[in-house]
Amino acid sequence: MRPILVVACLLLAMAPSMSRAADLTINFNGSFKRGTCAFSVKDVDLGTYQAASFTGSTATPWTQIVVQASSCTSDISTIHMQLSATADSTNPQYFAVRNVSGNVTGVGIQMMDRAGQPVAPNATTTDWSIAGVGLTYNFFARFTQTRPTVTSGAVSTPITIQFTYN
């Protein structure tokens, strides 16, 4: 019986050397996207006025501008807005008008946020908490006299709203 025991021990000792090993790697993939919102705002008509009626420090009535947010993901709570455009050369707190016809001078576009705070071109950041007030934000704008004389013509002034959010 001894020879059988020796053979069995030899077979057991050789068994591990006959085994083969292999490594297998699994890659796990995924991504995490930032929150998003979509925005819209309609063009605004500030009205038609007689240039001669501007006699010193004239301002037109305020016109409401509604900025609409939609499709915001649930992780968005605050939207930061900055209005960018050329500042008026006489008063940099106002937006310069851009002539379409004629040569309008002596007037700028004055803006304020819904709290009544001035919004200056390229400088003011307005924070909008959508969690507290919803998906619309109101600005207000008007023509304000910036020089002693206002000349006639038509204007169309582009103002860009830059949005960041968290």
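Readers should treat all values here as calculations from the given coordinates under stated rules, not as data from a laboratory. On a predicted model such as this, the values are computed, not experimentally measured, just so you know. Cβ coordinates were reconstructed from backbone atoms using ideal geometry, including for glycine residues, and neighbour counts include every protein chain displayed.
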TODO: Give a residue-ordered list of calculated ³J(HN,Hα) values for segment 73-82 (Karplus: 6.51 cos²θ - 1.76 cosθ + 1.60, θ = phi - 60°; whole Hz; x for Gly, Pro).
DONE: 6, 5, 8, 8, 10, 10, 10, 10, 10, 10
Task: Normalised per residue, the volume of the convex hull around the Cα set of the chain (Å³) - done: 190 Å³
Open item on the list: Please list 3J(HN,Hα) in residue order for segment 53-65, calculated via the Karplus relation 6.51 cos²θ - 1.76 cosθ + 1.60 where θ = phi - 60°; whole Hz, with x for glycine and proline.
Closed with: 7, 8, 10, x, 10, 7, 9, 7, x, 5, 10, 7, 10
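With +1 on each Lys and Arg Cβ and -1 on each Asp and Glu Cβ, how big is the dipole of the chain about its Cα centre, in debye rounded to the nearest 20? The partial results should precede the final answer.
Numbers: 9 positive and 7 negative charges, 91 e Å.
The dipole of the chain has a size of about 440 debye.
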TODO: Compute the long axis of helix 2-18 from its Cα atoms, compare it with the longest principal axis of the Cα atoms of the chain, and write down the angle in degrees, 0 to 90, nearest 10.
DONE: 20 degrees
Open item on the list: Quick check for you: which residues of segment 33-62 have the amide N under 19 Å from the point 7 Å beyond the Cα of Ser156 toward its beta carbon?
Closed with: 41-49
